Each structure stands twice: as C-alpha cells, then as structure tokens.
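Okay, so here's the structure we're looking at.
The values are calculated or read from the model by the stated rules, or taken from the named source; none is laboratory data. All of these numbers come straight from a predicted model, not from anything done at the bench. Don't worry about glycine lacking a Cβ; one is built from the backbone with ideal geometry, like all the others, and counts go over all protein chains shown. Remember, those area values only see protein heavy atoms, side chains included, never the ligands or the DNA or RNA. Shrake-Rupley method; radii C 1.70, N 1.55, O 1.52, S 1.80 Å.
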Amino acid sequence: MSMLNRNKRENLYKGITYGASFISLGVLLLIVGYVFLNGFRLLNFDLITNNYTAVTYIADLDEGFELGNYTTSKEFNEETFYSEKWGLALTDDTDLQGKNVIVVTYVHPDSPLHTLQNKGVGDPNLDLRTEYEVIRIAFDGAASALSSRGAENMINLLDQQDNIRELEFATTGGGIRGSIITTLYLIVLTLVFALPIGIGAAIYLNEYAKNNKFNRMLRSFIETLTGVPSIIYGLMGLAIFVPITIRLTSATTGNLISGSMTLAVILLPVIIRTTEESLKVVPDDYRFASLALGASKTQTVFKVILPNAFSGILTATLLAIGRIIGESAALVFAIGTSIKDDVYLTDRSTSLAVHIWSMMTDEPANIELSSTIALIILMIVLVLNISIKLVSKRFMRKYGVVR
Amino acid sequence: MKKIKGLMLLLVFGLTLGLVACQAEEEGFNTDSNITVYTRDTTSGTRAGFMGGIGFDEAESSDDVLVEGFVIKDNTGIMTSLQTDEFGIGYVSLSSLTNEIKGLSFNGVAPTEANVINNTYDLKRPFNWMVRTEGDFPSQEVEDLVEAFVAFLGTTDGADIINNAGAVALPATQTWDDIKANYPITEQDNSGVTVRFGGSDSIQKVAEALTQAFSAKAGNFVADHDHTGSSDAYKRVVGDQKDESVGKDVGFASRPFKDSELEVGGVALPEEQYGQLAWDAIVAIVHVNNPLNNVTADDLRKIYDGTYTKWSDLITE
C-alpha cells in the first residue's frame, strides 16, 4: 500500500518536472517561432549591409529631350507598368522596412529619363538607374504623381504629360548596418570598462575580503543593485557620464562612450556575482597546495585560481554580452535614439535593441522589421555563444585545466 | 529520447492548435455586450485631438472623467487590440488606418484624405512646427537652412511630400523653384551641416520624408531626427532644455501649442517662430464585425464618459 503510494508520488513529481521543462521549452519555441514567422520575410542581405538614410536626388530633364515610342521587347510582371512615351518601367514593391515603394525596373537606353540634370548640389549629371525608388514626379500646372498612390497611377499621370518639372528619386534606405556596428562597438567598449572592474571586485570579495560587517554589507548592496530597473541607470548615465564625456572628449551629446559606461555599471553586479561563484567552486586544496609550495597569495590568485575559474568568467562575459545586446531603456537616455550610418565613438547612434524600440514607436509600429532585427540579434548571440565556447575550450587545453 | 522528441512535437502541435482554436470562434455581433473603451494616455497628442474633437475637453488631460474600466494603450496597442476585441472602440490617426479594423464615419462623413482636405471631416488635429529664436542657432548656416525649410513647408513640393507620407497638407500654390532664389544657403554644399529635428512621434515619418526631400534641394545637409513627444517640441527648442545636449533646432507637435508654450519668460514668441504644416485626421475604430458605420461627436462622448456602456445603447436595429 505504502509502496504504491510512494511510487505514485514519485511519478507525480517526475511528471511535474517533465511538464515544467516542456512548458518552458514550448514557450521559448513559440517566441522564436513568432519572431521567425513575422521577421523572416524582411530578412535579406541588403537589410544588413544597407545604410538607414536613403540618398535623395532631385532632377530635371535635359534640354531638347525627345518623347517617343520607346517600345521594348522586355516582358514585365503584373506589378510592373511601362510607359512607352517615356521609356520607363515602374514596379510596386516593398522596401527593406516593409513600406510600399515604387522601384525603377527598366529605363529604355534612349529614354529622356536616362540622363538627367541634378537640380540639387553636387554632380550636375544624374542617371535614373534600376533599383532606385521614385518618390514623386512633379509637373507644371498639374497634380504631382506620388509614390503612395502606386506605380500604375504614376505611369498614367506620366503618360498624360509632355514635360516634367522635377523628378525625385532615392537610393534604398532603411538598412540596419549602422546599428549592427554600434552594437558591436558597445559590446567591446562595455566589456573593456566592466570586466577588469567586475573581476577585480569579485577577486577582492572572494579571496581577500574578511567576513566582516562591511563586506557583508557590500555584498548585499551589489545584490540589491541587480534589481534596479535599467532606466534608472540610464538616467544616471545621462546625469553623470554624458556630461563627463562631453567634458573630456569632443562629444557634444550623449555618445557611445557614455552609453558603454552606463552599461558597464549595469553589468557590474552580474559580472561580480557570476565571477565570485566561479571562484568559490575552485577547491581550497588548490589554494593550500599553491601556498604550501611557496607561492605568494597574489601568485596563487592569478596563476592558480583565475585559470581554474576561467569558464565561469566566460559565462559572466557571455551573460554580460547578452545583456548589452538586449538593453534598451538605459541606452535611450545615455546615447539617444537617432539611427546613424556613420558610427563614431563620440557621437550618438543606435544599438539593435534601440532600433527595435524606434521601429515599434513608429505609428503604426513596424512589427515585421522589429521581428527581423530580433532574429538578427538571436543569430548574433548564437554566433558569440559558439565562438566563446570554442575559445574557452582552447584556453582550457592550453592551461591543462580539465573540468 | 525518442519518447521525449515525440512529446515535444505533440506539445508544439497542441499549443498551435490551441492558438488557432482561440481565434477561430466567430459568430454574429452581440449588441448586449459591454463596450470596451480604449484610449491613449494623457501625454498623447492624438488623445488631445480626439477628446477636443468630440467636445470632451476635460478628458484631454484627466483620466478621472472617463468611463469606468477604460483601457490605456499606445497607438499600436489600440490597433492590435481592436483586431481581436469585437466589442472594443478606440481611435487612431488616419494614416494608421488599415483594412484589419473598421474606421467609422464621423457625423456622417467618411474618414478619407479627400474629406479632410475639403474640410468636411471634422475630427482632426493640426501638425505644428516650432523653431529656435533668431540668433539662438548653433550656427548661421543652420539658422538659414531652418528658415529655408520652413519656407519649403509652405510650397507645393512640401505639400506633396506631406501627403505622400500620410498626413494632409495645407493648400499651397508656390513651388520651391519659385522661391528658392530667396534662400541662397540652399545652393551651396551643406553636407557638413547637421540640423536637429525632434518633438512628436506621430509626426516623425512625415518629418523624415520632408527632411529627406529637402536635403536634396538644400545642399545635402544632415537631418538628425530624435522624436520623443509633442511636449518636447517646446521644451527642447525654446524651453528649459534648449541648451542641453537634447536641444533641437526644429520641433514638431501633433496638437495645438498651449498658451504657456507660445511664450518664453513672459515674452510672447514672434509669429514666424511657429506654425502649422499639416492636418491629421483622427478616426474612431471598431472591430470589423461591428455593424456600426457612423458615429456622432455626441455618441463618442457618451461612450467615453460612460453614458453608453452597452453596444445596444448605440446600435438600434
């Protein structure tokens, strides 16, 4: 009777643990699945390599142009419309951000639109090439053709006119290259600030600090700090680090350095805690053996304890990197939210997470692109994870540490 | 191990099925249901425009006067909620309207761009701009560029860009070509000059389209956009944050400027320092299953102040 009961109970407990792990796995899969399904469509190489800011050109027709009958043997699909009068084919498409745009698909070699005059500043000759997005075509004494009304409408309006006043077209913008570079900069810079201080503090706390009231208080302080919302750190960064960096560098606003400093402060508790844990599991026998062989305390710490705790420190680093990539609230204050293509340490720019935030605050929010960026973040984390594992394996082999 | 894999697959299937099943049930619209009232928070320019537009001014800045149990969401939150909440009502700007929700006519006039331009659709709000005080710009180039930009807003070229970006431009007759000779700064290479834009989130897309187009016309200056809300238009352009690192050269507000925002230290701002660039219509939205097609200002007011709590109060068959 009691045996059966015990069996049943054990099965029940086992069932609960199975269930718990399946639920967590299911939830994680759902999140990844959601991000993938929503973001996959916009994921392409152009998004990663393109600039965010599109370059717009404003152009005029060359003198003495000829309108003609520019027939072409090219075949176009249903979304493409061709004007024989102007020798131009336009297609309805979506850009990198999923917005509707009109893309130039074909320009007839003899078309008056092939060589254009620049109405703006810069190279006086422009060339309407395929892949450019047409924003608007303005005419004298008639309503302009706008890209929001579609390619068919634009071609129809164009066919009704014999001259154009101005043509506005642009390169494809909306890429996230700048945000990816910013994120990588942030990771390196933040680790440079946070790791030495965090690991140093952990070594002090675990190896040197006496178990007294002050040190216990220090520990509980550090623990409390992990619970402070990151937006508070962001405000602190804005109040302290931004003015400091403006004072010491050529920066005039929130910048990458002040952002990294803020992130470093956020990461300190995590790094200190994880490193300390990894120092704790190094057996005391190692310390005693090293000291017994005549090594000094410092030699013991840096030559014996630290290499043995290496994998734990790597875990701390990995956690830190994950936090840097994921952090957004603090960065909104400490760096700002303007998306940049040219990234400088002393200038504002946007990490991938803040880029998501900025896409989500659009009205209406760009959920698709946000999911795509989330997907890219997941991939970056995965790559970093694997490479850190590889590095740690090599390092451990070199030091002969076996775990 | 095989067992676990099988279980995992089953679990994923189960979850997906469950999700699909949750969305699948659809029947006729039950008018006896309570109305779920969605609103933006009190800092939103859209909320100020909506509440002002339906004659419920007290609700612009206070939640206490609203019906009990209202739900506060941001623009996206309202849009996604009303795709699933059959008995909800909310409001968004016209440019956000999609086919997945139902935009209601207001006082019998359909929410279309044409009706905003011909001034028959009444539920709308102004998009406004504000610039720094003369001589208070980072450089003379920036000041000249901002002056040219403001002039550009009043041209047909500017109006095209505004309409293309989803807002409704004010009528204009001059083209940029007609007036550009008055702004010689736009004929030089300005690629080293940065102009800072900020203010309302709702205007960000329109503002970005405008600066992108104008930069090509004005020596390729760099437009730095950092939009954080209508209130910051005043604060960061002429107010107490103007000399901080967040200061802006041009600010946008998606609501009329308050009287307190049209003066600095008791001195009224000169009129050429602020103005309107466009209209944005606000649309009351419901779930696509809702049979309602038209509301009046009075209906909306009664929904938002709690006089009407059930759809049957409004829909009489």
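So if the hydrodynamic radius of the range B:77-119 is defined as the Kirkwood radius over C-alpha pairs, what does Stokes-Einstein give as its diffusion coefficient at 37 °C and 0.692 mPa s, in µm² per second? It diffuses with D of about 289 µm²/s by this estimate. A 1.4 Å probe over all protein chains sorts B:Glu261, B:Glu134 by accessible area into B:Glu134, B:Glu261, starting with the largest. Karplus-derived 3J(HN,Hα) values for the range A:44-51, using 6.51 cos²θ - 1.76 cosθ + 1.60 with θ = phi - 60°, are 7, 5, 4, 4, 6, 9, 7, 6 Hz; glycine and proline are entered as x.
Global size of the range A:26-84: 21.5, 67 Å for Rg and Dmax (C-alpha atoms, Rg to one decimal, Dmax whole). Exposure check, 1.4 Å probe, all protein chains in place: A:Ser220 carries approximately 60 Å² of accessible surface.
If you model chain A as an ellipsoid using its alpha carbon gyration tensor, with each semi-axis the square root of five times an eigenvalue, the axes come out at 58, 27, 19 Å, biggest first.
The 1.4 Å probe gives accessible areas that order A:Ile244, A:Ile199, A:Ile58, largest first, as A:Ile244, A:Ile199, A:Ile58. Tell me the angle of helix B:140-153 to the major Cα principal axis of chain B, expressed in degrees between 0 and 90 and rounded to the nearest ten. Computed tilt is about 50 degrees. Evaluated with a Cβ-only charge set (Lys, Arg +1; Asp, Glu -1), the range A:175-311 carries a dipole of roughly 200 debye about its Cα centre, given to the nearest 20. Distance distribution note for chain B: the fraction of Cα pairs above 25 angstrom is 56%. Using the alpha-carbon positions of the range A:58-162, Rg (one decimal) and Dmax (whole number) come out as 13.3, 39 Å. For chain B, find the longest principal axis of its Cα atoms and tell me its angle to the long axis of helix B:204-217, 0 to 90°, nearest 10. Result, in degrees: 30. Close amide H contacts of A:Val55 (hydrogens built in the peptide plane, cut-off under 5 Å, sequence separation of 5 or more or a different chain): A:Thr171. A dipole drawn for the range A:26-157 from +1 and -1 charges on Cβ atoms has a positive end, and of A:Leu90, A:Val27, A:Ile155 the residue lying farthest that way is A:Val27.
Based on alpha carbons, the Rg and Dmax found for the range A:287-334 are 17.5, 53 Å. Around A:Ser387, with a cut-off of 15 angstrom between Cβ atoms, what is the net charge of the other residues, counting Lys and Arg +1 and Asp and Glu -1? Spelling it out: positives minus negatives among the neighbours equals +3. Largest to smallest in accessible area, the residues B:Trp311, B:Trp129 fall in the order B:Trp129, B:Trp311 (1.4 Å probe, all protein chains included). When only the Cβ of Lys, Arg, Asp and Glu is charged (+1, +1, -1, -1), the dipole of the protein assembly as shown relative to its Cα centre reaches about 6160 debye. For the range B:281-288, 3J(HN,Hα) computed residue by residue from phi via the Karplus equation (6.51, -1.76, 1.60; θ = phi - 60°) reads 7, 10, 10, 6, 10, 9, 5, 4 Hz, glycine and proline entered as x.
Within a Cβ distance under 11 Å of A:Arg216, other residues only, what is the Lys/Arg minus Asp/Glu net charge? Residues close to A:Arg216 contribute a combined charge of +2.
Rounded to the nearest 500, the 222 nm mean residue ellipticity of the protein assembly as shown from helices alone is -14000 deg cm²/dmol, with -39,500 (n - 2.57) taken per DSSP H run of at least 4 residues.
Anyone know which of B:Ser254, B:Ser202, B:Ser96 comes out most mobile in the 10 Å Cα GNM of chain B? For chain B, modelled as a Gaussian network with Cα springs under 10 Å, the answer is B:Ser96.
Here the protein assembly as shown is described by how far its Cα atoms reach on the three principal axes: 95, 69, 66 Å, from widest to narrowest. A simple rule links phi to the HN-Hα coupling: the Karplus curve 6.51 cos²θ - 1.76 cosθ + 1.60 with θ = phi - 60°, which for the range A:267-279 gives 7, 3, x, 4, 5, 4, 4, 5, 4, 4, 4, 6, 5 Hz, with x for Gly and Pro. Can you classify the range A:240-370 as rounded, prolate or oblate using the Cα gyration tensor, where a ≥ b ≥ c are the square roots of its eigenvalues, rounded means a/c under 1.5, and otherwise it's prolate if a/b beats b/c and oblate if not? The shape class here is prolate. Taking other residues whose beta carbon is less than 13 angstrom from the beta carbon of A:Glu277, and scoring Lys, Arg as +1 and Asp, Glu as -1, yields +1.
The relative contact order of chain B comes to 30 percent, based on Cα pairs under 8 Å that sit 6 or more residues apart. Of the solvent-accessible surface of the protein assembly as shown, computed with a 1.4 Å probe and all protein chains present, 57% belongs to carbon and sulfur.
Write down the accessible area per residue of the protein assembly as shown in Å², having rolled a 1.4 Å probe over the full set of protein chains.
48
Candidates A:Val55, A:Ser179, A:Leu195 compared by Cα position along the dipole of chain A: farthest toward the positive end lies A:Leu195, with charges placed on Cβ. Between helix A:2-39 and chain A there is an angle of about 30 degrees, using the helix long axis and the longest principal axis of the Cα atoms. Using Cβ point charges alone (K and R +1, D and E -1), the dipole size of chain B about the Cα centre works out to roughly 1220 debye.
For the range A:126-168, heavy-atom accessible area (probe 1.4 Å) falls by no less than 40 Å² from the chain alone to the full protein assembly at A:Arg136, A:Leu146, A:Arg165.
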